[in-house]
Amino acid sequence: MSKAAPAPAGGAATLGQRPPRLVLRVILFSALTLGIGAATLLVFIRHFERGRAEHAATLHASIVAQAVVDRLQPEDLRAPLSVDRQDELERLFVARVLDKETLASAVAAPDGRIVFATAVEQIGTRLSSRDLLAEALRGRVTSEMVSAEVGGTPRRVLRAYAPFRLADGSSGVLVVDKDYAPIASAARRAAITVATVLELVLLSLWLCLFPIMRSVTRRMNRQLDTIAHQALHDDLTGLANRTQFATRLDEALTSESREAVALAVFFIDLERFKEVNDALGHDCGNELLTVVAKRLDDALGTRELVARLGGDEFGVLSERAVTEEAALALAEELRAAITQPCEIAGVSLEVQGSIGIALSPAHGTSRDELLRRADIAMYAAKRLGAPQVFSPGLDDNSPLRLAMTGELRRAIERSELVIHYQPQVDLHRGVVRGAEALVRWRHPTRGFLGPDAFLAAAEQGGLMRNLTRYVLEASLVQLRMWRNAGLELDLAVNVSGRDLADARFPEEVAQALAEHGVDPSWLELEITESVLLSDRVRASRMLERLVDEGVRIAIDDFGVGYSSLGQLKNLPAHVLKIDRSFVSSMESDRSDEAIVNSTIELAHRLGLKVIAEGVEAPEHLSRLRAAGCDIGQGHLLGRPLPGHDVVPAATKLRVTWEAEEDGGADVVPLRRAVG
Ligand code: C2E
Ligand code: MG
Ligand code: MG
């Protein structure tokens, strides 16, 4: 697959196909017609010219007859001629009739008897053609083609019968044999001359028409190209349009070369585009769309198609990023490309894009299904502030989601949700300083579910507040148990945007803390960067109230959103959690390492502690420690565990950094320490 306006294949090819090669067709067709016409003309002219030559020869015979008839006598037609008379006539005929082309001549009586002939052996015989004789006697000069031996060689001969009448009223017929070869060649010459002239006229006409035809065809081709291009492309941005997107998606889905067609459909919607349009005018809005279109196009490869689906909506079809992880990574790239500030009409703008993804075959194998689901995921992405891959939980209308919401409500009521705790290790001291509460659902039929599988359903089903209350309650009970056991652990609990939108939330927290006898300073509330940014004023007011209660605030998943530390500096936060996507690629991507290092440095300057998420490898740990990171969390240091497992883990874990110097692992991983 190729991007933007590629040489289309298949169905798009039908639309984008080059128009038929008109010039070539016209050339071939007119040349063929001209050829057939010329051949017909030649045959016709030859026929005509031969008729003319024959007529001329016949006419010549009758003139010759006139030249000898005054010397014939009535007796010549009645009785056999005397030798003297024959000699006389012989001389007469040789002098007046015979020439190069007139081979022989004879005089026939009305009964067809030949009374005189220049070929003596014919004298006394009868004319073979009685019909022509009768016609000649009626006064018409006639002729026929015969074969005759002349000088021992067979020749084609034109035999003319010319009637004559003598002074006494008796009549006869003069027979003249003319050599046909000169007649035929004269006819052929004339025919060729006429045909050549005519053909030349036609050819020059054709040559005059040819450049005109060619330029007309070229113009038509160009117009067809333009029409085909317009039919498949967006006028403003030059990207593929909705029609091409749909066609290419259909083609990709029905391609026979693969068994299960793996592809991803991305739906991208620009945030606050309408505001730009309203504030700066349509021209600026258009300019912004063009800039975004170009960035998307540049960010994609040859196996992707990007299209403008209308308004501020774009679509991407990828045959490369077909797994959930790859698609999300690509979505992040696209989001980063869109978010780059751009200057329009002297104003520096920063637009954001919400990206929804549907994968084939997991989320559908038909175009409509995939587009609808990518659209649903896109709306979820708007709500959650990060690209989303479709899941049934996101679909408001899906029976599965409705069922899940009901089940989840019951699960919360019946305390069927489980909390696991992921240790957070102090990287300066090498001890477990606390744990993050992460919710799980032991589903009766679907097994052990992680939060990704049901949080969206909770969000949309209005259960988020109940869920947070549940997690807070359960984890405070756990924290109290740890503290009772003498473990000086702190607890981190994730909080959603819904919680921050509820004015009663700070009181609820205070109440829960008091109820379980937990010191507020042991609790850290984690709020994702995107939630904080969606309504900064209200979020900041709410955080202040929470801070007043004495709890700490952590900014979760920092880096995946589009905020800068500058934007967050006025928020009353204590901790910054660097998203695991940066940490995990630290060793392979120098720019990610630079981001992590400078984030740590900046956060420290702003008085924030830094937690690195996703510490999976010893390499991560040594780099993070070198950068001065305060706390680490990740599979290397400990996976999320049931609460009672954290107790032995936290007590037994003795992180020793000495191994680092030996080039070995930096730390005894928690699980090993537990074991
Ligand atoms: P989070 O708050 O960023 O939590 C950290 C997530 O990263 C957890 O996923 C954890 O299991 C995972 N993780 C930790 N270390 C590593 C590592 O080394 N490598 C990798 N690949 N992953 C690691 P989990 O438990 O699936 O939670 C996902 C998200 O769901 C959480 O991200 C949080 O935003 C949300 N969540 C979890 N529990 C709750 C809750 O009780 N309430 C709310 N509102 N959100 C929750
Ligand atoms: Mg968290
Ligand atoms: Mg996080």
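Does at least one position in the stretch 286-305 carry a residue that is part of a strand (DSSP E or B) and under 25 Å from ARG367 (Cβ atoms)? Yes, the stretch 286-305 has at least one match.
Does GLU529 count as out of contact with any Lys or Arg (no Cβ under 8 Å at 6 or more places or on another chain) and open to solvent by less than 50 Å² (accessible area, probe 1.4 Å)? Against the criterion (out of contact with any Lys or Arg (no Cβ under 8 Å at 6 or more places or on another chain) and open to solvent by less than 50 Å² (accessible area, probe 1.4 Å)), GLU529 qualifies. For the stretch 569-584, the condition of being assigned to a helix (DSSP H, G or I) and either more than 16 Å from ligand 3 (Cβ to nearest atom) or within 19 Å of GLY497 (Cα to Cα) (or both) holds for none of the residues.
If only residues of the stretch 632-647 that are open to solvent by 10 Å² or more (accessible area, probe 1.4 Å) and more than 8 Å from ligand 1 (Cβ to nearest atom) are counted, the one that is modelled with the lowest pLDDT is VAL647.
For the stretch 605-626, the candidate set comprises residues that are touching a strand residue (DSSP E or B) at 6+ places or on another chain (Cβ under 7 Å) and not acidic (Asp, Glu); within that set, the residue that is farthest from ligand 3 (Cβ to nearest atom) is LEU621.
Among the residues of the stretch 123-151, those identified as on the phi > 0 side of the Ramachandran plot and open to solvent by less than 60 Å² (accessible area, probe 1.4 Å) are GLY124, GLY139.
How about the stretch 566-578: which of its residues are away from ligand 2 (no atom under 14 Å from the Cβ) and either over 13 Å from ASP556 (Cβ atoms) or not aliphatic (A, V, I, L, M) (or both)?
Within the stretch 566-578, GLY566, GLN567, LYS569, ASN570, PRO572, HIS574 meet the criteria.
Looking at the stretch 389-467, the strands (runs of 3 or more DSSP E) lying wholly inside it that each contain 2 or more residues that are surrounded by 23 or more Cβ atoms within 10 Å (Cβ to Cβ) sit at 417-426, 431-443.
Residue-by-condition table, conditions (1) under 23 Å from ARG372 (Cβ atoms); (2) open to solvent by 30 Å² or more (accessible area, probe 1.4 Å); (3) free of Cβ contacts under 8 Å to residues at least 40 places away in the same chain:
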| site | (1), (2), (3) |
| --- | --- |
| GLN223 | no, yes, yes |
| THR226 | no, yes, yes |
| HIS233 | no, no, no |
| GLY238 | no, yes, no |
| ALA246 | yes, no, no |
| ALA264 | yes, no, no |
| ARG272 | no, yes, no |
| VAL276 | no, no, no |
| LEU280 | no, yes, no |
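Of the residues making up the stretch 564-603, those that are away from ligand 1 (no atom under 16 Å from the Cβ) and of a type in the set (Ser, Thr, Tyr) number 3.
Among LEU546, LEU532, which is the only one that is touching a Ser or Thr at 6+ places or on another chain (Cβ under 8 Å), without any contact (Cβ under 8 Å) to a residue 60 or more places away in the chain and assigned to a helix (DSSP H, G or I)?
Just a single option satisfies the conditions, and that option is LEU532.
Residues in the stretch 73-116 that are open to solvent by less than 20 Å² (accessible area, probe 1.4 Å), in contact with a strand residue (DSSP E or B) (Cβ under 7 Å, 6 or more places away or on another chain) and farther than 17 Å from GLU144 by Cβ: ASP76, LEU77, LEU89, PHE93, VAL97, VAL107, ALA109, VAL115, PHE116. For the residues SER622, SER581, SER598, the requirement of being at pLDDT below 90 and either surrounded by fewer than 22 Cβ atoms within 10 Å (Cβ to Cβ) or within 16 Å of ligand 2 (Cβ to nearest atom) (or both) singles out SER581.
Out of the residues in the stretch 488-497 meeting the condition of being crowded, with 18+ Cβ neighbours inside 10 Å, out of contact with any Leu (no Cβ under 6 Å at 6 or more places or on another chain) and of a type outside the set (Ser, Thr, Tyr), tell me which one is nearest to VAL537 (Cα to Cα). Result: GLY497. For the stretch 506-518, the criterion of a residue being open to solvent by less than 10 Å² (accessible area, probe 1.4 Å), within 17 Å of ARG465 (Cβ to Cβ), within 16 Å of ligand 2 (Cβ to nearest atom) and not hydrophobic (A, V, I, L, M, F, W, C) is satisfied by no position. Checked against (1) under 23 Å from ALA187 (Cβ atoms); (2) out of contact with any Ser or Thr (no Cβ under 7 Å at 6 or more places or on another chain), PRO154 passes all but a single condition, namely (2). Taking the numbered list (1) within 16 Å of ligand 1 (Cβ to nearest atom); (2) without any contact (Cβ under 8 Å) to a residue 24 or more places away in the chain; (3) aliphatic (A, V, I, L, M); (4) over 23 Å from GLU613 (Cα atoms) in turn, ALA403 passes all entries but (1).
The values are calculated or read from the model by the stated rules, or taken from the named source; none is laboratory data. These numbers were taken from a predicted model, which means no experiment stands behind them. Note that each Cβ is placed from the backbone with ideal geometry, even for glycine, and that neighbours are counted across all protein chains shown. These area figures cover heavy atoms from the full protein model, side chains too; ligands, DNA and RNA do not enter into them. Shrake-Rupley method; radii C 1.70, N 1.55, O 1.52, S 1.80 Å.
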